[in-house]
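What follows is one structure encoded as structure tokens, with my remarks underneath.
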Protein chains: 6
Amino acid sequence: MGSGQVSFGRTLVVAPHPDDEVLGAGGTIARLAAEGEEVFVAVVTEGKPPAFDPEASARIQKPPAFDPEATARIQAEARKAHGVLGVKETIWLRLPAAQLSETSHATVNAALLELVSRLSPQTVLLPFVGDMHMDHQLTFISALVACRPHQAEFPKLVLAYETLSETNWNAPYLSPPFVPNVFVDISDHLEAKLNAMEMFASQVRQPPHERSIATLKALATLRGATVMRKAAEAFVLIRHVV
Amino acid sequence: MGSGQVSFGRTLVVAPHPDDEVLGAGGTIARLAAEGEEVFVAVVTEGKPPAFDPEASARIQKPPAFDPEATARIQAEARKAHGVLGVKETIWLRLPAAQLSETSHATVNAALLELVSRLSPQTVLLPFVGDMHMDHQLTFISALVACRPHQAEFPKLVLAYETLSETNWNAPYLSPPFVPNVFVDISDHLEAKLNAMEMFASQVRQPPHERSIATLKALATLRGATVMRKAAEAFVLIRHVV
Amino acid sequence: MGSGQVSFGRTLVVAPHPDDEVLGAGGTIARLAAEGEEVFVAVVTEGKPPAFDPEASARIQKPPAFDPEATARIQAEARKAHGVLGVKETIWLRLPAAQLSETSHATVNAALLELVSRLSPQTVLLPFVGDMHMDHQLTFISALVACRPHQAEFPKLVLAYETLSETNWNAPYLSPPFVPNVFVDISDHLEAKLNAMEMFASQVRQPPHERSIATLKALATLRGATVMRKAAEAFVLIRHVV
Amino acid sequence: MGSGQVSFGRTLVVAPHPDDEVLGAGGTIARLAAEGEEVFVAVVTEGKPPAFDPEASARIQKPPAFDPEATARIQAEARKAHGVLGVKETIWLRLPAAQLSETSHATVNAALLELVSRLSPQTVLLPFVGDMHMDHQLTFISALVACRPHQAEFPKLVLAYETLSETNWNAPYLSPPFVPNVFVDISDHLEAKLNAMEMFASQVRQPPHERSIATLKALATLRGATVMRKAAEAFVLIRHVV
Amino acid sequence: MGSGQVSFGRTLVVAPHPDDEVLGAGGTIARLAAEGEEVFVAVVTEGKPPAFDPEASARIQKPPAFDPEATARIQAEARKAHGVLGVKETIWLRLPAAQLSETSHATVNAALLELVSRLSPQTVLLPFVGDMHMDHQLTFISALVACRPHQAEFPKLVLAYETLSETNWNAPYLSPPFVPNVFVDISDHLEAKLNAMEMFASQVRQPPHERSIATLKALATLRGATVMRKAAEAFVLIRHVV
Amino acid sequence: MGSGQVSFGRTLVVAPHPDDEVLGAGGTIARLAAEGEEVFVAVVTEGKPPAFDPEASARIQKPPAFDPEATARIQAEARKAHGVLGVKETIWLRLPAAQLSETSHATVNAALLELVSRLSPQTVLLPFVGDMHMDHQLTFISALVACRPHQAEFPKLVLAYETLSETNWNAPYLSPPFVPNVFVDISDHLEAKLNAMEMFASQVRQPPHERSIATLKALATLRGATVMRKAAEAFVLIRHVV
């Protein structure tokens, strides 16, 4: 810590839905991979339907349907995106393709606990607990249980990333604010991040939507400028043990 | 914004249970209606039993029963109260007459999303996420999803109101505090608010209970005095886009 | 209040799982009992398995099983521990031996409401809402509903205690922080507390685990030193009416 | 603590300016005095000019002048008000009749430290650190130093009171919020409080100003209703040692 | 409020140092002026030296010197920038060209109080109290006193703006966080804002510094995207009375 | 970062008064030195009088006097303590031996800026901004200015340490809470820390005072147990750039 060089070691990135890992930590993944670290991505749910249609989803009065075709498409997109970034392995937890809030807490806990036990990552990157989407909140909460520092082995560094189209839409001053205190220089890896995001054709939106390439770029510029770097990804530290 | 005149435009007030909309925003509704705005009230659940009886509800070990008669009575009360205030239309979402925490998150989201899509309100008033009752918290959370600013159309102004007998009973400094930053002058509409509340005969309590006419009056006096008005309703701003 | 002497009166301690009441308030219970107060302990769930085994629990992909034998053992431990402290009566709410998050909110509310109505405690001690374990959070939330100050009778003093191996493992600055403002001198009762904890043979861990005797002792020393006492237990005040 | 009876013991109320002690704790003082406790009031500064005139004070470009006559008048008012409440002794710290922010921190510390050492109060009531007026903030900060629990003797109970025309005017969510957790029943002492406030003829304002009798009454009604009492004063607990 | 159209009315922007008003609210100023509103800018201090040189300033061990030439230059820059934006009048408060923390609090209060009294703005825009620079904090605090809602006339809308190279450098989770809840669409005025900033040749820095044109642009893109606009400026609401 | 090994690099510890650096970071200093890093300690003020005597200091109504003899003694103590820990160099900033709040903000800024410029530390450890003592708060604030990430070179890692007899005595939930997120294992260096503290004979107190060897030990045990270590020092992360 403090060396100015990333030493995250073996790293696990947990994404509630495919593309969150790229939005929040794509540049960091690319940098870690380029520096020779092993990076794993765990996707908690089966994915989002390709075209989010509020009226349709409102009409059906139940969780968005995930037809096999859409699921296959988004998983194919993820494969390509992860290839661009240099991800070592992608794990699909395939939790019931509904919302996590309808899944038992113990089930999510168990899935993440098993994963952390098996991979023994030194560093874990999580979605932010203050994100608007309950899947993000519940993923964070269960992952934190899985990272409890009460055994011989546990992840030494836990960070939360920000997700455009989630983190900025929650309730100001009422939900936990994302105020970053860790900045990873991704000047040499922003291009890889944007390329990876473009692989998610079903998820990318046109500007001025937050989930657009232009906004991702603006965010990287801003986070970088805060610490005099051309581009950065920002995180909130949850715990670091040295 | 800033003009000293209310320009909320077409307004939707979301109430977890009938009477919350009057407790929190009755004066504002009356003022908006008097100034020619269309105000809609959406009641999320079927209502509360007329006489809240903790021992009874404890005995049965399950959600309070909502017998049809009680439901009919409270809906009749709401009709009269809304008439007093000048509400244009009352929408009953009739979510399962249990607690919202036993209803799937997606169902509540969908119901509110459909409503916001159909009515296209410019302004939405919500219960406060820090209220003690989980129905209030979950209504807030789902409504915020329905108000996401990610499409061509979305509500430009979102505010949270306070509810006597909920907002002040949560855990100080541990649940989100209600610290108002928007004050609506209801000096000319306090009487209408109190009249409307009196229509809810099954809900009003005698002082010194918080849900009494005397306490409502005291709150209006206090909120007004903070900004040199005879009476006001206070809100927490969630988002305003101009 | 303020007298420097404890005047909690009839006291109810609510524990999500057996041993939480000792970890958080064992010394206070012993002191109250020694000073002649009646202290009741309500245990919300059936208990924890004797040996927490993450890999096993991960494998089964569902809530930890509570075999009858383990349940019997931990209840026997609790009996001995409560005897050491001088607890007047232990109430087992026996909520479904799963996680509370899979139990209906209304059920937990009702169980605690019935308890508070029946015992009419003057003081109630709760687990902390910011603890990592959802059972702790949900117990706090339901108990607060049961303590609402809206009837002739209600608990006048409500405090939250800290639990080693829960309170310090949540997300810094994102979950509610435990910052104590009430300190109970347990200089003469620390030994009883540690003895009671030792009765929970299935729960105590070896140092440097947080749930060890050595850590409990260190915490008591620290909390005591903050207010110039040899040993203390610390609490966060929720509400006090005088 | 918890007994439902006030047991504050020997009490010191610290007021930045004369009248703050009545606005924030007048009913509690009257109740304590009626129950036989000794209550001391320490007024930190020399007072406020009788008629607050922003244009005048703006014109002179320096701290408001405190002419001897105005000072004498407000002190006479305080004498009468304190007589109504049953204050045992009023101490005038006479800190430089400017703003506290121009007085050395060590001077304010020393004055309050000497006071606390000499009076050995069991309970201390302070203005709220989140009040808008810097004198309130600095009084709180210095008093807290004077109450440090690091010697054999120190105040066992420290509470902060709210001040109409200060507490509600600071910056929502940016300055510390006043979220009360201690409520003192003043049903039998509200009249004394209002009478005492009326003695401060130079400070009372007409409604709908916050510093009016009508607003004080509304606040007492609201704080009372929150805990099912006809009238109450509300406080934030800083520290309690039992 | 809520109309989707800016109705700030007569507006006063308070800047601790010249250029803060452009960084934080330049687009909003341009939009207001274009829509026919009168916008005033008050600059509290005499300005910053053209080239900030930490080693030099460290060497001299006292507040940065403001030589007359540098002051003249930055004021000329401000004139040009304000011309670009359409500011109606620029007021120089010329507070002692040292740090505000060495100026008496009453002096700053008085200067701002006189200004607010004289201009009677309906809307006031302030620097953010959580900014790193003490001048920003003290300007905010004094301006809030000047805006107290306790007279017949007072500003109805008070907002705080963010300042690149100040707001993001304070202590995460320890100083008040900037979490915007008001967004002003400046899609048609971003160019004017950037042009105005370029007039401040002595203050603009090269990327990746935060105070560069590129970062300003990125921030406008991000704030806009959050609410589906091409460019926006974001604010935190302090108080709104309607 | 994340490697489980400390890689703070060249480190600067800033102490408002001699002994704060040992209380907060003595074990970390010893570990860094043992691992070959260069550690500098900067003491901001001239020190504290050997025997803190509130009545005396109250009597004199001004900042505690620092007689040359006491200053010499405490500096001698610091020399010995720093020798034990392996500090490379101790820098005495000798700021006016009064309270920092009477020193111009620019002076403190300049002194720390010069120091950081000259030493170019990779890591900086600061007192906590939420500590009760204003000297701690002001040291933090000025040091943060000195660490601004706006030049080619700046400290990459900034952490705040806790100080027994300061951090736990501020106002719960009203001043910034110390909720640690970085834990440094000092199992092999606790003894050195305690030895160093014992060198400060003029500052150490007897238990149960917070500034005693027994309390230091308890704190190290507790902080260690939270992360399954025999002993640890805990910090709050301010900023990390990698």
Residue in segment F:90-109 that is farthest from the other protein chains (Cβ to nearest Cβ), counting only those that are farther than 16 Å from F:Thr71 by Cβ and without any contact (Cβ under 8 Å) to a residue 60 or more places away in the chain: F:Thr103
Which listed residue is open to solvent by less than 10 Å² (accessible area, probe 1.4 Å) and not β-branched (Val, Ile, Thr), from D:Leu237, D:Leu190, D:Leu194: D:Leu237
Tally, over segment C:97-131, of residues that are part of a loop (DSSP other than H, G, I, E, B) and at pLDDT below 95: 5
Residue that is surrounded by the fewest Cβ atoms within 10 Å (Cβ to Cβ) [pool: residues in segment A:146-166 that are of a type in the set (A, V, I, L, M, F, W, C) and out of contact with any Asp or Glu (no Cβ under 8 Å at 6 or more places or on another chain)]: A:Ala152
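Is it true that E:Arg148 is in a strand (DSSP E or B) and either among the aromatic types (Phe, Trp, Tyr) or within 30 Å of D:Ser104 (Cβ to Cβ) (or both)?
Details: in a strand (DSSP E or B): no; either among the aromatic types (Phe, Trp, Tyr) or within 30 Å of D:Ser104 (Cβ to Cβ) (or both): yes.
So E:Arg148 does not fit the description; no.
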Which numbered condition E:His136 misses (of (1) away from chain B (no Cβ under 11 Å); (2) not in a helix (DSSP H, G or I)): (2)
Condition met for E:Pro149 (in contact with a strand residue (DSSP E or B) (Cβ under 7 Å, 6 or more places away or on another chain) and closer than 22 Å to E:Glu37 by Cα): no
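Taking C:Pro172, is it closer than 27 Å to B:Gln137 by Cα, part of a loop (DSSP other than H, G, I, E, B), open to solvent by less than 20 Å² (accessible area, probe 1.4 Å) and more than 14 Å from chain D (Cβ to nearest Cβ)? Talk me through it step by step, then tell me what you get.
Working: closer than 27 Å to B:Gln137 by Cα: yes; part of a loop (DSSP other than H, G, I, E, B): yes; open to solvent by less than 20 Å² (accessible area, probe 1.4 Å): yes; more than 14 Å from chain D (Cβ to nearest Cβ): yes.
Taking the combined requirement at face value, the residue satisfies it.
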Among (1) more than 23 Å from A:His105 (Cβ to Cβ); (2) of a type in the set (Asp, Glu); (3) open to solvent by less than 10 Å² (accessible area, probe 1.4 Å) - the single one A:Asp185 does not satisfy: (3)
Condition check for A:Ala201: out of contact with any Cys (no Cβ under 8 Å at 6 or more places or on another chain) and open to solvent by less than 10 Å² (accessible area, probe 1.4 Å): no
Test: residue in segment B:224-235 that is of a type in the set (Gly, Ala, Ser) and part of a helix (DSSP H, G or I): yes
Residue count, segment F:149-163 (criterion: touching a His at 6+ places or on another chain (Cβ under 9 Å) and modelled with pLDDT of 95 or more): 5
Filtered residue count, segment C:143-169, keeping only those that are facing another protein chain (nearest Cβ under 7 Å) and of a type in the set (D, E, K, R): 2
Any hit, segment B:179-188, residues being more than 24 Å from B:Val241 (Cβ to Cβ), in contact with a Gly (Cβ under 7 Å, 6 or more places away or on another chain) and free of Cβ contacts under 8 Å to residues at least 24 places away in the same chain: no
Selection from segment A:125-151 of residues that are more than 18 Å from A:Ile29 (Cβ to Cβ) and hydrophobic (A, V, I, L, M, F, W, C): A:Val129, A:Met132, A:Met134, A:Leu138, A:Phe140, A:Ile141, A:Leu144, A:Val145, A:Ala146, A:Cys147
Considering residues of segment A:42-80 that are farther than 24 Å from A:Ala111 by Cα and open to solvent by less than 20 Å² (accessible area, probe 1.4 Å) only, the residue modelled with the highest pLDDT: A:Pro54
Condition met for F:Leu85 (more than 14 Å from every other protein chain (Cβ to nearest Cβ), touching a Lys or Arg at 6+ places or on another chain (Cβ under 9 Å) and at pLDDT 90 or above): yes
Filtered residues of segment C:112-133 (kept if within 10 Å of chain B (Cβ to nearest Cβ), open to solvent by 20 Å² or more (accessible area, probe 1.4 Å) and not aliphatic (A, V, I, L, M)): C:Glu114, C:Ser117, C:Arg118
Selection within segment E:81-96 - part of a loop (DSSP other than H, G, I, E, B) and surrounded by 18 or more Cβ atoms within 10 Å (Cβ to Cβ): E:Gly86, E:Val87
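Any chance segment A:195-202 includes a residue that's closer than 16 Å to E:Asn168 by Cβ, aromatic (Phe, Trp, Tyr) and modelled with pLDDT of 95 or more? Working first, answer last.
So in segment A:195-202, the residues closer than 16 Å to E:Asn168 by Cβ come out as none.
Checked against the condition, which is being closer than 16 Å to E:Asn168 by Cβ, aromatic (Phe, Trp, Tyr) and modelled with pLDDT of 95 or more, segment A:195-202 yields no hits at all.
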D:Leu138, sole failed condition from (1) open to solvent by less than 20 Å² (accessible area, probe 1.4 Å); (2) in contact (Cβ under 8 Å) with a residue 24 or more places away in the chain; (3) of a type outside the set (Phe, Trp, Tyr): (1)
Tally of residues being more than 7 Å from chain C (Cβ to nearest Cβ) and within 18 Å of C:Pro208 (Cα to Cα) across segment F:194-241: 9
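The values are calculated or read from the model by the stated rules, or taken from the named source; none is laboratory data. On a predicted model such as this, the values are computed, not experimentally measured, just so you know. All Cβ positions, even for glycine, are placed from backbone atoms using ideal geometry, and neighbour counts span all protein chains on display. All accessible areas refer to the heavy atoms of the entire protein, side chains included, with ligands and DNA or RNA removed. Shrake-Rupley method; radii C 1.70, N 1.55, O 1.52, S 1.80 Å.
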